[in-house]
Amino acid sequence: MREPLIVLIGMILSLEVHAQQVVIKDSISKQPLSFSTIRYGENGFYTDKNGSFNLKNVDSPTFTISSVGYKDKEFKKSKVKEVIYLPPRAIHLKEVSITVKKSEVIEIKPGRKVFWSSDMSNWLLHKKGEEIIAVLHPTDNYKNMPIKKVRLNFDKVKERKALKNKNTKIFIRLKLFDLKDSKLDNLLFGSSPIPVNSYAEDEINIDVDDPILFNPDGIAFVVEMIDFEDRENLPGTVNEPLLRPALTMRGDNKYFSTKSYIKNGLEKSGELIPINKRILKFTGKKLDRNLSIGLELMK
């Protein structure tokens, strides 16, 4: 009797675990939505790259699911099924008609990186959901020019000695927002998750699919750190990812002025904290640092 009983218990436990796994999918294509955000109260986490999460990890009777390009939806934990479908969000942009020649592309290189020997050459993102934000205001000659590409630089992370594979990559996401009353307002663009090798110097280029005008009121460029690309194969001692977006001493240039902030994107009321204010708190030094960011504009 003992062996059949053990098998029965194992089957029950297996069914219980399976019932707790939930997958989030596109309501039209039925494809999984990787790294969707699960929020409850002031807490949250991401689904995995297959759009799956364990309902047991939600410590609240209700929670909200959000994913870039989709409508946020709130759910009661007791009524959630094994598959959740999110409807795509219609992003309304001004219609832009452009004929581009190679000579009409204006390349703005990222601000010169701070040397390692100097203070604060980069900013350490050390928790899932942390964001570094650059708010750019175009100068007169570049107002309302379409943004074609965004370029970001990352410095090498030296802290994570538990990782033997130095090609380990971390997913980030780039989001562009317009501003209202100096706050992030309408989402204009959201990239798919992008892998970055944080254990070597890395540069990434992100194409902006549909033209977004460089709004005179400013555009916020949000770099969101998500999670490891291959978390299931990492040592058990490795919990949070680490990423070091490069900073520059010279934020303003002839193309735009800029101010940089940090924020926890998993917190519902995540506050925008000026990065130089946080640097002053940590180092006791008044330094002028901003996210090193490059653009391609269409003239």
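Readers should treat all values here as calculations from the given coordinates under stated rules, not as data from a laboratory. Because the structure is predicted, anything quoted here is derived from the model rather than measured. Note that we place each Cβ from the backbone using ideal geometry, even for glycine, and neighbour counts take in every protein chain shown.
With 10 angstrom as the radius, rank Met145, Met225 by how many other C-beta atoms surround their C-beta, starting from the fewest.
Met145, Met225
Quick check on the exposure proxy: order Asp119, Asp48 from fewest to most C-beta atoms within 10 angstrom.
So the ranking, lowest neighbour count to highest, is Asp119, Asp48.
Taking R0 as 30 Å, what FRET efficiency do you get between Lys286 and Asn205 from their Cβ-Cβ distance, rounded to the nearest 0.05?
After rounding, the FRET efficiency stands at 0.35.
State to the nearest 20 debye the size of the charge dipole of region 10-86 about its Cα centre, where the only charges are +1 on K and R beta carbons and -1 on D and E beta carbons.
220 debye
Ile132: net charge of surrounding residues, Cβ under 13 Å, Lys/Arg +1, Asp/Glu -1, itself excluded?
Residues close to Ile132 contribute a combined charge of +4.
Could you give P(r) for region 102-298, binned at 5 Å from zero, as whole percent values over all Cα-Cα pairs?
1, 7, 16, 21, 20, 17, 11, 5, 2, 1, 0
Sorted from fewest to most neighbouring beta carbons within 10 Å, what does the list Asp26, Asp181, Asp59 look like?
In order of increasing Cβ crowding within 10 Å: Asp181, Asp59, Asp26.
Please figure out what share of the DSSP beta bridges in region 10-86 is antiparallel and state it in percent, rounded to the nearest 5.
Antiparallel bridges make up about 80 percent of those DSSP assigns within region 10-86.
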